[in-house]
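Colleague: Following this message is one structure expressed as C-alpha coordinates.
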Amino acid sequence: GILNGPGGTVNVTNSTISGNTTDTGSGGGIYNQGGTINVNNSNIFGNTSNAGGGIYNKDGTMNVTNSIISNNTTDSSGSGGISNEGGTVNVTNSTISNNTSNRGGGIDNNGGTVTVISSTLSNNTSFFGGGIANNFSGQVQIVNSTISTNTVSAGGGGIFNTGNSTVN
(Lines give C-alpha, C1' and ligand atoms only; values in the text may rest on other atoms or scores of the structure.)
Protein backbone atom coordinates (compact mmCIF):
# COMPACT_ATOMS: atom_id res chain seq x y z
CA GLY A 1 0.00 0.00 0.00
CA ILE A 2 0.89 3.65 0.43
CA LEU A 3 2.35 5.34 3.53
CA ASN A 4 2.21 9.17 3.47
CA GLY A 5 4.00 11.01 6.30
CA PRO A 6 3.51 14.43 7.90
CA GLY A 7 3.49 17.26 5.36
CA GLY A 8 3.49 14.88 2.39
CA THR A 9 0.96 14.99 -0.46
CA VAL A 10 -0.04 12.00 -2.59
CA ASN A 11 -2.44 12.05 -5.54
CA VAL A 12 -3.91 8.67 -6.49
CA THR A 13 -5.70 8.97 -9.86
CA ASN A 14 -7.19 6.28 -12.14
CA SER A 15 -5.48 3.63 -10.01
CA THR A 16 -6.12 0.38 -8.15
CA ILE A 17 -4.75 -0.38 -4.69
CA SER A 18 -5.51 -3.99 -3.76
CA GLY A 19 -4.31 -7.11 -2.00
CA ASN A 20 -2.15 -5.34 0.60
CA THR A 21 -1.82 -6.57 4.20
CA THR A 22 -0.35 -5.15 7.40
CA ASP A 23 0.01 -7.78 10.12
CA THR A 24 0.02 -5.44 13.13
CA GLY A 25 -0.24 -1.96 11.62
CA SER A 26 -2.93 0.24 10.13
CA GLY A 27 -3.93 1.18 6.61
CA GLY A 28 -3.77 -1.91 4.44
CA GLY A 29 -4.33 0.11 1.28
CA ILE A 30 -3.36 3.63 2.36
CA TYR A 31 -1.94 5.01 5.62
CA ASN A 32 -1.97 8.81 5.81
CA GLN A 33 -0.21 10.20 8.88
CA GLY A 34 -0.54 13.98 8.99
CA GLY A 35 -0.30 14.55 5.25
CA THR A 36 -2.79 14.99 2.41
CA ILE A 37 -4.02 12.27 0.07
CA ASN A 38 -6.37 12.83 -2.86
CA VAL A 39 -7.95 9.68 -4.31
CA ASN A 40 -9.72 10.26 -7.65
CA ASN A 41 -11.39 7.75 -10.00
CA SER A 42 -9.70 4.85 -8.22
CA ASN A 43 -10.49 1.47 -6.62
CA ILE A 44 -9.25 0.46 -3.19
CA PHE A 45 -10.23 -3.15 -2.53
CA GLY A 46 -9.20 -6.40 -0.91
CA ASN A 47 -6.81 -4.89 1.64
CA THR A 48 -6.40 -6.06 5.27
CA SER A 49 -5.02 -4.42 8.42
CA ASN A 50 -5.52 -3.93 12.16
CA ALA A 51 -7.40 -0.64 11.54
CA GLY A 52 -8.44 0.96 8.27
CA GLY A 53 -8.38 -1.99 5.93
CA GLY A 54 -8.76 0.27 2.91
CA ILE A 55 -7.63 3.65 4.30
CA TYR A 56 -6.30 4.82 7.67
CA ASN A 57 -6.16 8.60 8.12
CA LYS A 58 -4.35 9.85 11.26
CA ASP A 59 -4.47 13.63 11.76
CA GLY A 60 -4.30 14.24 8.02
CA THR A 61 -6.60 15.22 5.16
CA MET A 62 -8.11 12.60 2.87
CA ASN A 63 -10.24 13.47 -0.18
CA VAL A 64 -11.96 10.57 -1.96
CA THR A 65 -13.80 11.44 -5.20
CA ASN A 66 -15.47 9.22 -7.81
CA SER A 67 -13.90 6.13 -6.26
CA ILE A 68 -14.83 2.70 -4.91
CA ILE A 69 -13.65 1.38 -1.54
CA SER A 70 -14.75 -2.23 -1.18
CA ASN A 71 -14.02 -5.68 0.22
CA ASN A 72 -11.47 -4.45 2.76
CA THR A 73 -11.20 -5.98 6.25
CA THR A 74 -9.72 -5.26 9.67
CA ASP A 75 -8.51 -7.89 12.11
CA SER A 76 -9.00 -5.74 15.21
CA SER A 77 -10.68 -2.32 15.50
CA GLY A 78 -11.41 0.50 13.12
CA SER A 79 -13.17 0.43 9.81
CA GLY A 80 -12.81 -1.99 6.97
CA GLY A 81 -13.26 0.92 4.56
CA ILE A 82 -11.95 4.20 6.03
CA SER A 83 -10.71 4.82 9.58
CA ASN A 84 -10.29 8.47 10.55
CA GLU A 85 -8.38 9.33 13.74
CA GLY A 86 -8.56 13.08 14.38
CA GLY A 87 -8.20 14.07 10.73
CA THR A 88 -10.51 15.30 7.97
CA VAL A 89 -12.09 12.99 5.40
CA ASN A 90 -14.22 14.15 2.46
CA VAL A 91 -16.00 11.51 0.37
CA THR A 92 -17.78 12.67 -2.81
CA ASN A 93 -19.57 10.67 -5.53
CA SER A 94 -18.07 7.44 -4.23
CA THR A 95 -19.13 3.96 -3.10
CA ILE A 96 -18.00 2.32 0.13
CA SER A 97 -19.29 -1.25 0.19
CA ASN A 98 -18.72 -4.83 1.33
CA ASN A 99 -16.13 -3.90 3.96
CA THR A 100 -15.85 -5.84 7.25
CA SER A 101 -14.68 -4.65 10.67
CA ASN A 102 -15.32 -4.58 14.40
CA ARG A 103 -16.41 -0.91 14.38
CA GLY A 104 -17.69 1.19 11.48
CA GLY A 105 -17.83 -1.23 8.58
CA GLY A 106 -17.76 1.54 5.98
CA ILE A 107 -16.32 4.48 7.94
CA ASP A 108 -15.03 4.73 11.52
CA ASN A 109 -14.54 8.32 12.73
CA ASN A 110 -12.75 8.93 16.03
CA GLY A 111 -12.60 12.60 17.00
CA GLY A 112 -12.20 13.84 13.43
CA THR A 113 -14.43 15.34 10.77
CA VAL A 114 -16.06 13.32 7.99
CA THR A 115 -18.23 14.72 5.17
CA VAL A 116 -20.00 12.35 2.78
CA ILE A 117 -21.67 13.90 -0.29
CA SER A 118 -23.64 12.12 -3.05
CA SER A 119 -22.17 8.74 -2.08
CA THR A 120 -23.33 5.23 -1.14
CA LEU A 121 -22.39 3.21 1.93
CA SER A 122 -23.87 -0.27 1.56
CA ASN A 123 -23.43 -3.93 2.44
CA ASN A 124 -20.77 -3.23 5.08
CA THR A 125 -20.55 -5.51 8.14
CA SER A 126 -19.49 -4.64 11.67
CA PHE A 127 -20.13 -5.27 15.36
CA PHE A 128 -21.64 -1.76 15.54
CA GLY A 129 -21.95 1.09 13.05
CA GLY A 130 -22.38 -0.93 9.87
CA GLY A 131 -22.25 2.09 7.58
CA ILE A 132 -20.60 4.63 9.90
CA ALA A 133 -19.41 4.67 13.51
CA ASN A 134 -18.89 8.21 14.83
CA ASN A 135 -17.07 8.29 18.18
CA PHE A 136 -15.22 10.54 20.64
CA SER A 137 -16.81 13.91 19.75
CA GLY A 138 -16.33 13.29 16.05
CA GLN A 139 -18.23 15.33 13.47
CA VAL A 140 -20.05 13.62 10.59
CA GLN A 141 -22.13 15.28 7.89
CA ILE A 142 -24.04 13.19 5.34
CA VAL A 143 -25.51 15.04 2.33
CA ASN A 144 -27.61 13.52 -0.47
CA SER A 145 -26.21 10.05 0.17
CA THR A 146 -27.50 6.49 0.62
CA ILE A 147 -26.71 4.35 3.65
CA SER A 148 -28.37 0.97 3.18
CA THR A 149 -28.22 -2.79 3.75
CA ASN A 150 -25.37 -2.63 6.26
CA THR A 151 -25.24 -5.40 8.90
CA VAL A 152 -24.27 -5.24 12.58
CA SER A 153 -24.20 -7.62 15.53
CA ALA A 154 -24.90 -5.01 18.21
CA GLY A 155 -26.37 -1.69 17.03
CA GLY A 156 -26.44 1.10 14.49
CA GLY A 157 -26.87 -0.74 11.22
CA GLY A 158 -26.62 2.51 9.29
CA ILE A 159 -25.01 4.92 11.76
CA PHE A 160 -23.72 4.42 15.31
CA ASN A 161 -23.20 7.87 16.84
CA THR A 162 -21.66 9.08 20.08
CA GLY A 163 -20.40 12.32 18.49
CA ASN A 164 -22.23 14.89 16.36
CA SER A 165 -23.89 13.79 13.13
CA THR A 166 -26.02 15.64 10.58
CA VAL A 167 -27.94 13.85 7.84
CA ASN A 168 -29.47 15.92 5.03
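The values are calculated or read from the model by the stated rules, or taken from the named source; none is laboratory data. All values reported here derive from a predicted model rather than from experimental measurement. When we count neighbours, we look across all protein chains shown, and the Cβ atoms used for this are built from the backbone with ideal geometry, even at glycine. The accessibility values were calculated without ligands, DNA or RNA, using every heavy atom of the protein model including side chains. Shrake-Rupley method; radii C 1.70, N 1.55, O 1.52, S 1.80 Å.
Colleague: Among the residues of region 12-26, is any in contact (Cβ under 8 Å) with a residue 12 or more places away in the chain, under 13 Å from Ile82 (Cβ atoms), open to solvent by less than 10 Å² (accessible area, probe 1.4 Å) and touching a Gly at 6+ places or on another chain (Cβ under 8 Å)?
Modeller: Among the residues of region 12-26, not one is in contact (Cβ under 8 Å) with a residue 12 or more places away in the chain, under 13 Å from Ile82 (Cβ atoms), open to solvent by less than 10 Å² (accessible area, probe 1.4 Å) and touching a Gly at 6+ places or on another chain (Cβ under 8 Å), which makes the answer no.
Colleague: Quick check on this structure: which one of Ser49, Ser79 is closer than 25 Å to Val167 by Cβ and touching a strand residue (DSSP E or B) at 6+ places or on another chain (Cβ under 8 Å)?
Modeller: On the way: Ser49 fails: closer than 25 Å to Val167 by Cβ.
Step by step, each of Ser49, Ser79 is checked, and only Ser79 is closer than 25 Å to Val167 by Cβ and touching a strand residue (DSSP E or B) at 6+ places or on another chain (Cβ under 8 Å).
Colleague: So in region 152-166, with the set limited to residues that are part of a strand (DSSP E or B) and closer than 16 Å to Val89 by Cα, which one is least open to solvent (accessible area, probe 1.4 Å)? Steps first, answer last, please.
Modeller: Just the residues of region 152-166 that are part of a strand (DSSP E or B), to begin with: 152-155, 159-161, 164-166.
Imposing the further condition that a residue be closer than 16 Å to Val89 by Cα reduces the set to 164-166.
Working: Asn164: 83, Ser165: 48, Thr166: 67 Å².
Ranking the candidates gives Ser165 first.
Colleague: Among the residues that make up region 73-86, is at least one of them under 28 Å from Gly7 (Cβ atoms), more than 11 Å from the chain's Cα centre (by Cα) and of a type outside the set (Ser, Thr, Tyr)?
Modeller: Yes, region 73-86 contains a residue that is under 28 Å from Gly7 (Cβ atoms), more than 11 Å from the chain's Cα centre (by Cα) and of a type outside the set (Ser, Thr, Tyr).
Colleague: Say whether the condition of being surrounded by fewer than 21 Cβ atoms within 10 Å (Cβ to Cβ) and more than 17 Å from Gly138 (Cβ to Cβ) is met by at least one residue in region 50-57.
Modeller: Yes, region 50-57 contains a residue that is surrounded by fewer than 21 Cβ atoms within 10 Å (Cβ to Cβ) and more than 17 Å from Gly138 (Cβ to Cβ).
Colleague: Now for a separate question. One residue is enough: does region 54-65 have a residue meeting the conditions within 18 Å of Gly131 (Cα to Cα), under 9 Å from the mean Cα position of the chain (by Cα) and outside any strand (DSSP E or B)?
Modeller: yes
Colleague: Just give me the residues in region 136-151 being in a strand (DSSP E or B) and either in contact with a helix residue (DSSP H, G or I) (Cβ under 6 Å, 6 or more places away or on another chain) or crowded, with 18+ Cβ neighbours inside 10 Å (or both), in sequence order. Before you say what the answer is, go through the steps one by one.
Modeller: So the first thing to find is which residues in region 136-151 are in a strand (DSSP E or B), and the list is 139-143, 146-148, 151.
Across region 136-151, the qualifying residues are Val140, Ile142, Ile147.
Colleague: Quick one: how many residues across region 105-135 are open to solvent by less than 20 Å² (accessible area, probe 1.4 Å) and either closer than 23 Å to Asn40 by Cβ or charged (D, E, K, R) (or both)? Can you show your working first?
Modeller: Going through region 105-135, the residues open to solvent by less than 20 Å² (accessible area, probe 1.4 Å) turn out to be 105-110, 112, 114, 116, 119, 121-122, 124, 126, 129-135.
Still in the running and either closer than 23 Å to Asn40 by Cβ or charged (D, E, K, R) (or both): 106-109, 112, 114, 116, 119, 121-122, 124, 131-132.
Total satisfying the criteria: 13.
Colleague: Restricting to region 58-85, what's the tally of residues that are surrounded by fewer than 19 Cβ atoms within 10 Å (Cβ to Cβ) and in contact with an Asp or Glu (Cβ under 9 Å, 6 or more places away or on another chain)?
Modeller: 3
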